[in-house]
Amino acid sequence: MPYLVDGNNLIGAERGGRASREDQAALVREVSDRLRSTRARVVLFFDGAGDPLSLGSLSVRFAGATTADDAIFREVERSNRPQEVTVVTADRELSRRARDAGGSTTTPSEFWKRFGAQARPSPRSGGEARVDVDDWLEWFSDDRNRKE
């Protein structure tokens, strides 16, 4: 059962305000770490431009000219088995659209509970990153890759 995660919403629910690239990278690192011991598949969507990334059972996509909400909704609509898709968001409108398309929804807090109860690290805590995430962080630290 794939989880389609509204990444900016997940960050906003935790910290409030707009998600920075540093916040996004921290979320990718955390979700990747939590998925290592599961068979769950997660697609993490962010607003804005960026290159897709695959880290095993975690995929990262950027919505480009549209919104992450619209990109997530399109994925639910395209699914051959929408009843097996779970959208993770605190956004009521996206939740409604996902359910109307046949998917299910869960809140960010329920998602975190499902994938471990350990405390979520601060994106600025500077914890040790795994090698595959180091490439991601290096890419975002290069100003040429910032398309804002």
| task | Extending each Cα 7 Å along its Cβ direction at ARG39 and ARG81, get the distance between those two points in nm, one decimal. | result | 1.1 nm
| message | Please compute the contact order of the stretch 1-123 in relative form: average sequence separation of alpha-carbon pairs under 8 Å and at least six residues apart, divided by the residue count, as a percent. | response | 28 percent
| request: Add +1 for every Lys or Arg and -1 for every Asp or Glu among the other residues with Cβ under 14 Å from the Cβ of GLY102, and state the total. | output: +2
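No value in this document is a laboratory result; all are computed from the given coordinates. Treat the numbers as computed from the prediction; the structure is a model and nothing was measured. Here Cβ is always computed from backbone atoms with ideal geometry, including for glycine, and neighbour counts include all displayed protein chains.
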